[in-house]
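The values are calculated or read from the model by the stated rules, or taken from the named source; none is laboratory data. In this text, all values refer to a predicted model and were calculated from it rather than measured experimentally. As a convention, Cβ positions derive from the backbone with ideal geometry for all residues, glycine included, and neighbour counts pool all protein chains shown. Please note that ligands, DNA and RNA were not included when accessible areas were found on the heavy atoms of the full protein model with its side chains. Shrake-Rupley method; radii C 1.70, N 1.55, O 1.52, S 1.80 Å.
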Amino acid sequence: MQKINFFDASNFVEAERNDTISGLVDSRDGSMAYSTTEDRESWVAEVENKSNKWFRFVPIDYNPAFDLRRESGDMVSKCGGMIIYDNDRSLAFVELKDVRIGAAADAWAQLESTIVLFHENHDHRNFHRRFAYVANKRHPHFNYSHKTTSQEFYNRLHFRLLEQNRISLIQGAR
């Protein structure tokens, strides 16, 4: 598969921001997810940035820079985007859902596929905070029966799996 630089500036379709509260929107019309401070009703996930430090949301799904196909010609499944923060030392991959039930397994698979692609191109050890979020607008509070899944996800991929709609950007030294 072709190499992808997740941090190539040409992949960044949004400017950095430092809002205390912003939202992530999945337009569901075949266009890229995006971050905004407007139209709160459209937010699938809320990004909390209490320290007002700079961060960047990078859309991955539907971003031409991440348009990858397997040898079979099928598209590689990818999550909605990633957040780079803490002076580029922390990452959060995010899958955005707006469905009633049955989204968790699909979201986990999209996150895993994206993180595997990330591992093929970057060393996760360069980032001291690594998260993978499943955010479902219709189910903002998930049940806690996924502890085993979360631990297995971390053991395989070295990213902490969280199922919640609030993404808190914790900043600071190691």
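Points worth noting:
- Segment 1-46, residues that are polar (S, T, N, Q), part of a helix (DSSP H, G or I) and over 18 Å from residue 118 (Cβ atoms): 42
- Complete set of residues in segment 22-43 that are more than 22 Å from residue 66 (Cβ to Cβ) and among the basic types (Lys, Arg): 40
- For residue 87, the conditions (1) open to solvent by 50 Å² or more (accessible area, probe 1.4 Å); (2) touching a helix residue (DSSP H, G or I) at 6+ places or on another chain (Cβ under 7 Å) all hold with the exception of (2).
- Filter pass, residue 95 being among the acidic types (Asp, Glu), part of a helix (DSSP H, G or I) and either surrounded by 18 or more Cβ atoms within 10 Å (Cβ to Cβ) or on the phi > 0 side of the Ramachandran plot (or both): no
- Out of 77, 150, one residue alone is under 16 Å from the mean Cα position of the chain (by Cα), at pLDDT 85 or above, hydroxyl-bearing (Ser, Thr, Tyr) and under 19 Å from residue 5 (Cα atoms). It is 77.
- Filter result for residue 105 (over 15 Å from the mean Cα position of the chain (by Cα), small (Gly, Ala, Ser), closer than 23 Å to residue 156 by Cα and open to solvent by 40 Å² or more (accessible area, probe 1.4 Å)): yes
- Near pairs, Cβ below 6 angstrom, 6+ apart or cross-chain, from segment 18-47 (under 12 Å from residue 94 (Cβ atoms)) to any residue that is aromatic (Phe, Trp, Tyr) and open to solvent by 60 Å² or more (accessible area, probe 1.4 Å): 25/34
- Filter pass, residue 27 being under 21 Å from residue 138 (Cβ atoms) and either within 15 Å of the chain's Cα centre (by Cα) or not charged (D, E, K, R) (or both): yes
- Each residue in segment 62-74 was checked for being loosely packed, with under 11 Cβ neighbours inside 10 Å and modelled with pLDDT under 80, and 5 pass.
- Every pair of residues 6+ apart whose Cβ atoms lie under 9 Å, when the first sits in segment 155-169 and is on the phi > 0 side of the Ramachandran plot while the second is crowded, with 22+ Cβ neighbours inside 10 Å: 158/115
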